[in-house]
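Notes follow once the structure below has been shown.
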Amino acid sequence: MKAAVIGVGHLGRHHARILASLPGVSLAGVVDINKDRAAKIAAEYGTTAFGDAREIAGLDVAVIATPTESHSAIAQPLIESGVHTLIEKPVTQTLAEADALIAAARRSGAVLAVGHSERFNPAVAAARPYVNDPRFIEVHRLGTQLGRSLDIDVVLDLMIHDLDLILSMVPSEVESVEAVGVPVLTPKVDIANARVRFKNGCIANLTASRISRDQIRKIRFFQRERYVSIDTAAREVEMYQLAPQPGGLPKIDGGKLTVPGDEPLKRELEDFVAAVREKRAPAVPGEQGRAALALAVRIVELMRQ
């Protein structure tokens, strides 16, 4: 399976590293507007630097890890030609662009996956069986990340990770949204808070910041008789629940759960490659990437009112 990575900056170089190591996958080339960077990564992983992925003959799969504004223009011709494509989140800059890519994938039969890597975080996987009917969700994704992704608001840069997660873990449609955001150090919103109410009554409160001193990546789920806390950075999970006691009051039982040490990005790429081989949908198909983008866009629009 011949693979290419388009955009080998902060994240793309890790895609290249992992694809080069996967069995049955050949890293056929890397593409980057920075020719020196492309040449360096190509040399490091024994492949070739190209100016355009379409120059790679017989390309089977492509990973797009360029700035969001370029996703649509790069992905559209690849998908239309049948190249299976994984696009880093957010899938595109606009919903219309996302719709066009989804339609193109349906016509060509190409697999379209979106790189919401937190879905593959082993801590999330360990916690998921215990999250079945959350009533309140508290999310904090804070840190200092001013060296990249400054072409988009913090909602599309960081919060969208957690928007995708809660959409995948709450079995209900969104009813209403409240949001506030502040551009502090850049022209884009650097810190944002959103309150998402679902039709089943669940409320999620999300805060994202790229100007905080401390790095925090926590999601807390509160549901009847159970509390689940996920630290996606440390890859740790704590779960506490009521345990009935014969003839007496229930006690609180629980503690840390066992979390395997798999790399989320590797698990994501393994799923993508398997989806291509098995002719099935990936874990995060284009439609789900669009759903996360739609909620993020809704929040951004509210912040601008």
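Taking the alpha-carbon set of the chain, what are its Rg and Dmax in Å?
Answer for the chain, Rg first and Dmax second: 20.2, 73 Å.
In degrees between 0 and 90, to the nearest 10, how far off the longest principal axis of the chain does helix 71-80 point, with axes built from Cα atoms?
The two axes meet at around 70 degrees.
Helix-only mean residue ellipticity at 222 nm, the chain, DSSP H runs n ≥ 4 weighted -39,500 (n - 2.57), per residue, nearest 500. What is it?
Helix contribution divided over all residues of the chain: -9500 deg cm²/dmol.
Out of all DSSP beta bridges with both ends in segment 115-239, state the antiparallel percent to the nearest 5.
Roughly 80 percent of the DSSP beta bridges within segment 115-239 come out antiparallel.
Report the gain in length on full extension from residue 33 to residue 280: 0.36 nm times residue separation, minus Cα-Cα distance, nm rounded to one decimal.
Contour length minus Cα-Cα distance gives 85.7 nm.
Estimate the FRET efficiency between residue 48 and residue 70 by the formula 1/(1 + (r/R0)^6), using the beta-carbon distance for r and 25 Å for R0, to the nearest 0.05.
The calculated FRET efficiency here is 0.75.
Compute the helix-to-body angle for 264-278: its Cα long axis versus the longest principal axis of the chain, expressed 0 to 90° and rounded to tens.
60 degrees
Translational diffusion coefficient, Stokes-Einstein: compute it for segment 129-220 using the Kirkwood radius over C-alpha pairs as Rh, at 25 °C and 0.890 mPa s, and state it as an integer in µm² s⁻¹.
181 µm²/s
Provide, as a two-decimal number, the C-alpha radius of gyration of segment 206-301 over 2.2 N^0.38 Å, N being how many residues it has.
This ratio for segment 206-301 stands at 1.51.
Could you tell me how many degrees, from 0 to 90 and to the nearest 10, lie between the Cα long axis of helix 160-169 and the main elongation axis, the longest principal axis, of the Cα atoms of the chain?
So the inclination is approximately 60 degrees.
What does a probe at residue 195 reach in segment 284-304, counting residues whose amide N is under 20 Å from the point 7 Å along Cα→Cβ?
Zone members listed by number: 295-304.
Taking the Cα centroid of segment 255-270 and of segment 69-113, what is the distance between the two, rounded to the nearest whole Å?
Measuring centre to centre over Cα atoms gives 27 Å.
Considering only DSSP beta bridges with both partners in the chain, what is the antiparallel share in %, to the nearest 5?
Antiparallel: roughly 60 percent of the beta bridges in the chain.
Rule-based calculations on the coordinates, nothing more; no lab input. Because the structure is a prediction, the values reported are computed rather than measured. Note: ideal-geometry Cβ built from the backbone for every residue, glycine included; neighbour counts use all protein chains shown.
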